[in-house]
2 protein chains.
Amino acid sequence: MSVTEGTLSQRIRSEVEDLIRSGAWAPGRKVPSEAELMARFGCSRMTVNKAMSALADEGLIVRRRRAGSFVARPRVHSTVLDIPDIQAQILTRGEAYRFDLLDRRRRKARAGDADEIALAAGGALLALRGLHVAGDRPFALEDRLISLTAVPEAAELDFAEESPGAWLLHHVPWTEAENRISAVSADAAVADLLALDAGAALLAVERRTWRAGQPVTWVRQLFPGEAYDLVARFGPAR
Amino acid sequence: MSVTEGTLSQRIRSEVEDLIRSGAWAPGRKVPSEAELMARFGCSRMTVNKAMSALADEGLIVRRRRAGSFVARPRVHSTVLDIPDIQAQILTRGEAYRFDLLDRRRRKARAGDADEIALAAGGALLALRGLHVAGDRPFALEDRLISLTAVPEAAELDFAEESPGAWLLHHVPWTEAENRISAVSADAAVADLLALDAGAALLAVERRTWRAGQPVTWVRQLFPGEAYDLVARFGPAR
DNA sequence: GGCTTCAATATGTATAGACATATTCGCTCG
DNA sequence: CGAGCGAATATGTCTATACATATTGAAGCC
């Protein structure tokens, strides 16, 4: 993954970071103590401390005195853009949540589509379509592709209980993501599924995610425009 | 602003950070050297260094060997959500940019509106409406309120040359912001201004910003849905 | 058994000193 | 006057050491 270069403390940091982001060190796992790391890298504790403090600031590890350092459990909120877990969001509003799987098929990447080819990485894709339902009103229509190369376990699941988004969030943490947000008009088929009039304004969120550089999933979610706000907050973290 | 508490290096850091965020230290200004700060706070260089390195990591200051540390010029891109400077974005696409001011008035906060009252902070507001134009096509419709308490200089400007957004970006850097993104249908008046059919899907971005806790501006921008994408990327910064 | 107490442990912060490195300033020489 | 060179300066990183502090785990006591 990373090239081992730069200062010593940067090397220590990126070595540990790679192990976490790749999933080799799962959330909750104990990270070697500063004493162990200073032995491993042959340096002083302050150098190790600088690396580990940086990882803690980033939220990748949690440090507890006497207990040690541990790989953090990923926060459900992405740090900035409040979109990841539709289910959790609906539940905190006190509404019942349901995910209706409309379609599920296993297929190869389409020949013309560079994104799909990159996502499949030589293997197969899982293509899903489903509806997030809040109470008894449709909340979002979701089309998703999952790389079975990156996440072979997904092949066994039927996503009747847990939505694919929630499942991925819990099983493939520490992903990088790119979001693309736009507004579109509902065509007849989509309007029907979301119980709207044709032509209604929809918020479209398209997201691609990677894990340690490898594509994991692509998803496009369509929300009724007036029913949903994305909120992003910037500024002093503390 | 901040309460002076916590560790010494945190205190140094937050003291400098406040001076920058409040605007007391303008972009480009020299920050005291480590030697000066260690004299001022009566501590060792490593302690000062830790504070200043953190500010540099955050992007608030730029450090150059031998030259010293300087308050950074704010990056045009917000770290994560790519919306701030419409003008710059249009220009990089090679199109001509123009801002047409449609309306400009100075008024008090409306009695019923808590947001407006907070924004005015006892003083007056500047209410603006304008159109961002790319080439000769309308690109976005903008409604904006500026607090003349927070930014009294704005009272003198007519925003014929520079859009209010660009002006604020250059004169009131280091703001915190909250974005709210949704999709709406164009009503007749808006559709007319944006040269669209009534009912077309629009992307609505509503943003409030603060400077050191004080409200600065509120803005609502409406983009033709199919003409614009917001892109946000998360993940390893490096 | 359940409670308190105490020592071991891992991290948190700070210090003083050392050497490295980039950059700037000023001096000298052509 | 300009180019080149060396000294001064501010930051960058690392070390070894010290003491503080939270927390755990075990020993001891009722």
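The values are calculated or read from the model by the stated rules, or taken from the named source; none is laboratory data. This one's a predicted model, so the numbers in the text were calculated from it and none came from an experiment. In this analysis, Cβ positions are derived from the backbone assuming ideal geometry, glycine residues included, and neighbour counts consider all displayed protein chains.
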Going through the range A:181-200 in order, the residues found to be among the hydrophobic types (A, V, I, L, M, F, W, C), under 26 Å from the mean Cα position of the chain (by Cα) and within 9 Å of chain B (Cβ to nearest Cβ) are A:181, A:183, A:184
Inset, instruction - Could you check, for the range B:140-151, whether at least one of its residues is of a type outside the set (A, V, I, L, M, F, W, C) and more than 27 Å from residue B:214 (Cα to Cα)? - result: no
Can you confirm whether residue A:145 is in contact (Cβ under 8 Å) with a residue 24 or more places away in the chain, in contact with a strand residue (DSSP E or B) (Cβ under 7 Å, 6 or more places away or on another chain) and part of a strand (DSSP E or B)? yes
Among residues of the range A:1-59 being away from DNA strand C (no atom under 14 Å from the Cβ), among the polar types (S, T, N, Q) and surrounded by fewer than 16 Cβ atoms within 10 Å (Cβ to Cβ), the residue farthest from residue A:175 (Cα to Cα) is A:4
Q.
Condition (residue is at pLDDT 95 or above and surrounded by 20 or more Cβ atoms within 10 Å (Cβ to Cβ)) applied to the range B:115-127: is it met by at least one residue?
A. yes
Considering residues that are touching a helix residue (DSSP H, G or I) at 6+ places or on another chain (Cβ under 6 Å), assigned to a loop (DSSP other than H, G, I, E, B) and touching a residue at least 40 places away in the same chain (Cβ under 8 Å), the number found within the range B:28-74 is 1
The lone condition residue B:212 fails out of (1) among the hydrophobic types (A, V, I, L, M, F, W, C); (2) on the phi < 0 side of the Ramachandran plot; (3) within 12 Å of chain A (Cβ to nearest Cβ) is (2)
Output for Cβ contacts, cut-off 8 Å, separation at least six or different chains, first residue under 30 Å from residue B:126 (Cβ atoms) in the range B:209-238, second among the acidic types (Asp, Glu) and modelled with pLDDT under 75, reads B:230/B:82; B:232/B:82
Among residues of the range B:170-188 being of a type in the set (Gly, Ala, Ser) and under 20 Å from residue A:202 (Cα atoms), the residue surrounded by the most Cβ atoms within 10 Å (Cβ to Cβ) is B:183
Return yes when residue A:136 is in contact with a Lys or Arg (Cβ under 8 Å, 6 or more places away or on another chain) and either touching a residue at least 60 places away in the same chain (Cβ under 8 Å) or acidic (Asp, Glu) (or both) and no when it is not. no
Requiring at least 2 residues that are not hydrophobic (A, V, I, L, M, F, W, C), the strands (runs of 3 or more DSSP E) wholly within the range A:161-238 are A:176-185, A:201-211, A:214-224
Exception for residue A:117 within (1) touching a Phe, Trp or Tyr at 6+ places or on another chain (Cβ under 8 Å); (2) without any contact (Cβ under 8 Å) to a residue 24 or more places away in the chain; (3) β-branched (Val, Ile, Thr) falls at (1)
